[in-house]
Amino acid sequence: MFVPKEEALKKTKWIAVLAVLSIIVAACGGDGDTTTTAGAAGGDGDTVAADFTLFGAPTGVEGDALAGFVDVYNTETGSTIQYTGSDDFESQLRIRVDGGDPPAMAFTPQPAAICEFADQGALVSLETMGFDIAAMEADHSKYWMDLGVCSDGEHYGIPWFPNFKSIVFYHVPTFEEKGYEIPETWDDMIALSQQIVDDGMTPWCFGFESGGGTGWPGTDWIEDILVRQSGSDTYAKWVNHEIPFNDPAVVSAFDKFGELFFGDGFVLGGAENVVGINFNDSPGPLFNDPTPGCLMLKQGSFISNVFKDQPDYEDGEESEIKTFAFPSIDGNVGAMGGGDTLIVFDGAPENVQVVKDWISPDWQCTLASASAGGVGKYGGHGVEGVERLPGNKNVDPNCYETESGKAFATSVTAALASNSFVFDASDLMVTAVGSGTFWTAIIDWSQGASSQDVTDAVESTWP
């Protein structure tokens, strides 16, 4: 899910990006959890060995890649770090913190949760751990750093890796065969969708199911539409509840989404069934042979990590699946994404050193791809086909194996350097709404509830 769930909006205009995730797997008791202990010994003695559990959302193939990353780190430092991934990360982390048994460290796609934990006294601030805040703001973007500033004025969030959502994946061979043009505006995209239906095909794949996070893929559409229809100022006010959740601008964004989502024949399987399709399964029909089940999918850059499991998938210039930027609305563009932010519950010196290592360009290069492009000091994470965008502007784009990965990494590092990285609004709203009733609203809306009714319902739940 989270995808990264990740994250409050910022604005910038750039090309859609893609790149990918890696993450680890471990078991922390509970369905959907996976555990991989990356164990080794024999570091060079420069780092005090760390022994703790890292908790996060990713499981599956992305978990395998992060497990590989941690294994490399353990080998280099003699640490015995364990990663636990959970499909129900948000609620499980809250249960562990409230129960007095937090993990030593976690990475969350939802910055809104950071200060809730900090205000409980559960987290250790960057200032307490001795981080150079100015240097981090320069390397990881002040905007992202500011998302972890809490009521005491100190920083509790450590940017680790981003993903991007203002992109649409499309089936290149069919577009070329039919002469379809990449849509530059929303109206172009609606017209293209209708043309695809008239030609006897289905334009869109969707998947809203994500366990305890079911609904979040739909919120991404509302956010991308809202920032284009109403601008970043309105978007920011909405995130911070300076305007109500059911403001006319928000209702209008739901209605605009409905033009596409409820278009006759626009959605594979029918809009009413999208809530039962897992988001990780939603790309599958793009790869149907000889005729794709759908031609377009809007999803974050991380979703390309599951492409490698599809028959004959190849990245690069010859790829059958490429991306285009989410189109403009009324002449307005935007860029929306998420990201994973590290938070520290146990500030032991060896744990602090791990964080400093992991956010450095050298270790981010290991996290970037299976081989670190052959330029990484420590090598890569070892899982073919999985790449992870950099959270540090100084990471060498050559750490990525694919041409798309290099291009996206270049765009990301430029955005971090210019402090223009933009976060997903639902990940920045208070958690009761952003990862609660907003998700539920999308589910109800997909089943036929009106835009006004679902936004009224969310507004009534805002703390």
Any residue in the range 434-452 that is farther than 15 Å from VAL250 by Cα sitting within a Cβ distance under 6 Å of a residue that is outside any helix (DSSP H, G or I)? List the pairs, counting only those 6 or more apart or interchain.
SER435/GLN110; ILE443/GLY215
If I filter the range 203-216 for residues that are over 19 Å from the mean Cα position of the chain (by Cα), crowded, with 22+ Cβ neighbours inside 10 Å and assigned to a helix (DSSP H, G or I), do I get at least one hit?
no
Determine whether PHE421 is crowded, with 22+ Cβ neighbours inside 10 Å, assigned to a loop (DSSP other than H, G, I, E, B) and among the aromatic types (Phe, Trp, Tyr).
yes
Would you pick out the residues in the range 384-412 that are under 24 Å from GLN310 (Cβ atoms) and of a type in the set (Gly, Ala, Ser)?
GLY385, SER404, GLY405, ALA407, ALA409
Taking the condition surrounded by fewer than 19 Cβ atoms within 10 Å (Cβ to Cβ) and modelled with pLDDT of 95 or more, does ASP146 pass?
no
Some residue of the range 247-257 being assigned to a helix (DSSP H, G or I), of a type outside the set (Asp, Glu) and over 22 Å from GLY337 (Cα atoms):
yes
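Out of contact with any strand residue (DSSP E or B) (no Cβ under 8 Å at 6 or more places or on another chain), crowded, with 20+ Cβ neighbours inside 10 Å, outside the structural domain of PHE131 (by TED's automatic domain parsing) and β-branched (Val, Ile, Thr): is that true of VAL454 in this structure?
Values: out of contact with any strand residue (DSSP E or B) (no Cβ under 8 Å at 6 or more places or on another chain): yes; crowded, with 20+ Cβ neighbours inside 10 Å: yes; outside the structural domain of PHE131 (by TED's automatic domain parsing): yes; β-branched (Val, Ile, Thr): yes.
Yes.
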Where in the range 79-182 are there strands (runs of 3 or more DSSP E), lying fully within it, with 2 or more residues that are among the β-branched types (Val, Ile, Thr) and closer than 28 Å to ALA65 by Cα?
167-171
Filter the range 104-113 down to the residues that are touching a strand residue (DSSP E or B) at 6+ places or on another chain (Cβ under 8 Å) and buried (at least 22 other Cβ atoms within 10 Å of the Cβ) and list them by number.
MET105, ALA106, PHE107, THR108, PRO109, GLN110, PRO111
Out of PHE245, PHE257, which single residue is under 19 Å from THR437 (Cα atoms), in contact with an Asp or Glu (Cβ under 6 Å, 6 or more places away or on another chain), outside the structural domain of ALA112 (by TED's automatic domain parsing) and not small (Gly, Ala, Ser)?
PHE245
Do we have any residue at all in the range 413-429 that's of a type in the set (A, V, I, L, M, F, W, C), under 23 Å from VAL306 (Cβ atoms) and touching a helix residue (DSSP H, G or I) at 6+ places or on another chain (Cβ under 7 Å)?
no
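The values are calculated or read from the model by the stated rules, or taken from the named source; none is laboratory data. On a predicted model such as this, the values are computed, not experimentally measured, just so you know. When we count neighbours, we look across all protein chains shown, and the Cβ atoms used for this are built from the backbone with ideal geometry, even at glycine.
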